[in-house]
Amino acid sequence: MISLEQMLREAPVISKELDVCDIGGLSLASFSSPEPPWKIDTSFDGTQREEDADGSAWTEQCYKRLQDSLREAGLPLTVDRTREPRTGFTLSDITICILGSPSTFLSVLLEGGNLCPGNMLLCLSTTWLSKVPSKSHPDQCTLLVQKAVTFDLGGRSYLDEFTTPRRVTYFTASFEVPRSECLSGLVALSCDLDCPSGGSDSLAHLLEDKLATRLLLSRAGLAVPTTLAFTYRRAHEPSRHVRTVVLNQKEGEENLLQEEIEDFLQSNSRINVQQVAVKAAGYRWSRKSTITFHPRSDHSGILREAKSRLQNLEDGESLLLEAVCPALPVMRTPVLDTPAAFGRSSFPRPDLAVRICTVICRSRGDRPQLSKVICAVGRADKPLSHQTLVPQSLETTLLQCGVTDEAQRKVIHLQVMDKSQAAMAAVIEMEKGLTSEQRGARRAQTDVIGVDFILTCVDQIITPIAVGVNCHLCLNTCGDFESMNRSLLSPACAGSESASSLLIQTMVKRSQHYIMEGKEVLVIGAGGISKKFIWESTRDYKIKVHLIESDPNHFASSIVHNFIHYDVTDHKRDEEHAQWISEMVRDREIQLDGCLSYWDDCMVLTALVCEQLGLRCSPVSAMRISKQKSRTHLHLLRHKKGSTCVTAAGPYAVPCCHLESHADVEKASRYLNFPGVMKLEFGAGAVGVKLVENLEQCHQHYEKISSDLKEDTDYPGIGLGWGNAMLLMEYVSGTEHDVDIIIYDGRLMGAFVSDNGPTRVPYFTETAACMPTYLPPDKEAQLVMAAYQCCLGCGLTDGVFNVELKMTQTGPKLIEINPRMGGFYLRDWIQEIYGEDIMLASVMVACSVPPLMPVHRARPQTYLVGVMCVVSLHLWALKTTANMETLQTLHKRGVIRLNMLDDDMISSEYEEPFCNVACVSETREKACQQLISTCQVLGIDTMEYPVSYFTSDFK
């Protein structure tokens, strides 16, 4: 057992950049107890393992460094909980494990503690971890952790041991150190893991090789310093800015060396270059200060230095001669008169240069996304290293350089962002071509990089020049910047979100995908063509779906893991159906992890099945209340003085009456104010919904619906399997919005708000939508809280729900709750904008896996504005100017985003949208303009269907 006291013994401080093996000269006398508990670890098969002296010293010093870092950041020190080992962890828990120096990863650990408290673990020794054979992947291993420093909210941390070792769901380590014997354990530990890995020893070799990354950046179109490279026994593909010369031997190449260097120095393209840098490149040299600077005119000195360096190269390593780009000058502070004691002499001061550090994460479908930009100012004649720079914001730095024009500063920031993301895109593309062996592990990939830039002037234009790529140095530097601001300045001065936020989200997302692999779920009801993505996505997530569907020829039968034909269309017999389904599952010995539905008609049946099988779901009573629209409102209105959540939800409800006869229509008209809205009690897709202005219109619409829509066969999929009862509710004026909300065990896990445009009154079929919402943050929060409280008020405790509301002048008002995931385009848009998958979240909730969706911290990637196409008004366009081939081509080219909602181009009086055509842009205004222009060209925008009017609210 390790105690906190043993970790806090006095010992020399190790630098944050120290190699794990570089502890030469460190006295181990203070660690000379016969067999300190610190050095004894219990492996997971019950045997004892002893950590060697060097490893013990490193572990102890890392722990001390962690305490020093926490103290400097104004955070509480680590609390020792090893005497009370942690219990209760399951295979559904996220466990993000980081192995390495706390200085390198402190910002990641602190941010992870806030985004997923208790699930961010730091291991300081390989002996705290172990591998066992994977049950799901025979040729791989599962990584387990028994001891770690656990990070929680507010920077709190704990030294923990786990009675039952926790399964690691995401692993990363500090590989960017020279290879040595004491790294062999780390390399062996990280190989053949079945969990996702954020990097590997092999990938670190690629990223820390300055020549390899410079060639990669140059081929990706980034401006890099003009470079001459001599590579020893390793050929590289040529690049515009980098010339490589292969040497097969260290001696006897003097003539070739001299000729190439002379050509490099005499080249007309480098006539303005005043200095040349000489340095070694390769993984072995990545953290060693090997750079020297020489005047461009010193040909003999440069040649002599190159010859000397070549003698130390090994296979695959390189020598770089780099043209030092003239740096953008930093404005000097005026020199004041010096005191009399020094006379009136002035002292020459060195020129200053700017270094820019950027952090870029792999995010949202393998897209690169800039996370943070910081800068530093240092001497132009000496290398500005990460270890010595003092970080500051890009804004401050550009002002210091005399860039006072705000528009110009924005242009520079955009240049830095574009070039940084292009660098990450190049890394991602490069890794796609690597084998598992070349990546170092089957699921290893680079999730974050740092890119260093200098600012120079090209044709009198300020231009960022990429000078290097690193694994974690820029992330560490950004962490120092955030710690400095967090400790000493107000929150408003601390800048944007943490540089680690996007990385944590990627870690969480990959962990959740890993946890869900192999889960078996029962899905009841397949739905139409608009639900096709569900079956394709679950297959991609490696989730085994057992689908129960009434149509024996449904297209999903060939996609899902197991298709079961059973007719459930008569929902008045749901108890009987639930009994049959439950017995079928038991008889076939299907080992289910969860059960859910994406089809309105099957939600109550799903709850009944979950109840009988003991699976997670909202109560049957809650599903019944939510399924019947008038019952939803009346339940909330009748219980205003009930529990806290119901009390809060009462004001959101709208007066309404249930209708089963013309007599009910008469009765309702005496209690409710006109205008009103009539709709089917169990309807979907706004079919049959109409604005009524008086009692006569109520009778007319009731009679029409009663005669036209009697059975499910009259209009499949809109809820007629429950009957065709109607309701009348008072009309509420305001703008309409959808809230797709994720609730787990009664807790709000995430919410996404979208806006709907005005409908074609007196009907309410959706016309247009946009996301993210145009509402101010406080109004958006009102909608989210209204949706959450209405769900809880109806008893909905577990699931992903779609809540339709109106924002009135007095606040939100509830339209209806759909006790399932939002339909139409919503899942697709949320993925595109926020990188979150509400479909996966719904399966996770059903399988008792809490979905972590940090949407309140996530930045929207883009803006989407879309319009619905309806066959009754767009039939001609859909067959000519906007035919399916044209729409799909535009979708593939990125001109539009197309979501197909139906596969039958048949006009009907009671119709639902056929498809949704949307445009994406970096602003809502641009997306609107692009959509209107596109719809005009495609013939979707007409006098009868004015797209500009339907999008007029999206400001």
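Side notes on the structure shown:
- Residues being open to solvent by 50 Å² or more (accessible area, probe 1.4 Å), within 22 Å of Val467 (Cα to Cα) and of a type in the set (Val, Ile, Thr) - total across region 396-430: 2
- When the residues of region 880-919 are filtered to those that are within 28 Å of the chain's Cα centre (by Cα) and among the charged types (D, E, K, R), the one that is nearest to Trp829 (Cα to Cα) is Arg897.
- Counting residues in region 393-409 that are touching a residue at least 24 places away in the same chain (Cβ under 8 Å), of a type in the set (Ser, Thr, Tyr) and more than 22 Å from Lys279 (Cβ to Cβ) gives one or more.
- Scanning region 562-590 for residues that are in a loop (DSSP other than H, G, I, E, B), open to solvent by 40 Å² or more (accessible area, probe 1.4 Å) and touching a residue at least 40 places away in the same chain (Cβ under 8 Å) gives Thr569, Asp570.
- If only residues of region 122-148 that are among the small types (Gly, Ala, Ser) and assigned to a strand (DSSP E or B) are counted, the one that is nearest to Val168 (Cα to Cα) is Ser130.
- Any chance Leu66 is crowded, with 20+ Cβ neighbours inside 10 Å and touching a Cys at 6+ places or on another chain (Cβ under 6 Å): no
- Hey, Ala353 of a type in the set (A, V, I, L, M, F, W, C), modelled with pLDDT under 85, outside any loop (DSSP other than H, G, I, E, B) and closer than 30 Å to Glu497 by Cα or not: yes
- Region 188-246 - residue that is surrounded by fewer than 21 Cβ atoms within 10 Å (Cβ to Cβ) and of a type in the set (Lys, Arg) and, of those, nearest to Lys131 (Cα to Cα): Arg234
- Among the residues of region 431-452, none qualifies, meaning not one is of a type outside the set (S, T, N, Q), open to solvent by 40 Å² or more (accessible area, probe 1.4 Å) and at positive phi.
- Meets criteria (open to solvent by less than 70 Å² (accessible area, probe 1.4 Å) and at pLDDT 85 or above) for Val330: no
- Hey, Glu251 farther than 27 Å from Lys382 by Cα and not in a helix (DSSP H, G or I) or not: yes
- Subset of region 152-203 (residues that are closer than 19 Å to Thr104 by Cα and at pLDDT below 80): Ser174, Phe175, Glu176, Val177, Pro178, Arg179, Cys182, Leu183, Leu186, Val187
- Taking the conditions (1) open to solvent by 30 Å² or more (accessible area, probe 1.4 Å); (2) in contact with a Cys (Cβ under 7 Å, 6 or more places away or on another chain) in turn, Leu728 satisfies each one other than (1).
- Lone qualifier among Cys493, Cys474, Cys478 - being modelled with pLDDT under 85 and either under 21 Å from Leu99 (Cα atoms) or surrounded by fewer than 17 Cβ atoms within 10 Å (Cβ to Cβ) (or both): Cys493
- Extreme residue, most open to solvent (accessible area, probe 1.4 Å), among residues of region 735-785 that are among the acidic types (Asp, Glu) and in a loop (DSSP other than H, G, I, E, B): Asp745
- Output for region 388-412, where each listed residue is touching a Lys or Arg at 6+ places or on another chain (Cβ under 8 Å) and part of a loop (DSSP other than H, G, I, E, B): Leu389, Val403
- Sole exception among (1) without any contact (Cβ under 8 Å) to a residue 12 or more places away in the chain; (2) hydroxyl-bearing (Ser, Thr, Tyr); (3) assigned to a strand (DSSP E or B) for Thr463, by number: (1)
- Residue under evaluation Asp708, criteria (1) without any contact (Cβ under 8 Å) to a residue 40 or more places away in the chain; (2) over 41 Å from the mean Cα position of the chain (by Cα), criterion not met: (1)
- Taking the criterion of being touching a helix residue (DSSP H, G or I) at 6+ places or on another chain (Cβ under 9 Å) and either part of a loop (DSSP other than H, G, I, E, B) or of a type in the set (Phe, Trp, Tyr) (or both), the residues of region 826-842 that qualify are Gly835, Glu836, Asp837.
The values are calculated or read from the model by the stated rules, or taken from the named source; none is laboratory data. Source: prediction; values computed, not measured. FYI the Cβ positions are ideal-geometry reconstructions off the backbone, even for glycines, and counts take in every protein chain you see. Accessible surface is based on the protein model in full, side chains and every heavy atom, while ligands, DNA and RNA are left aside. Shrake-Rupley method; radii C 1.70, N 1.55, O 1.52, S 1.80 Å.
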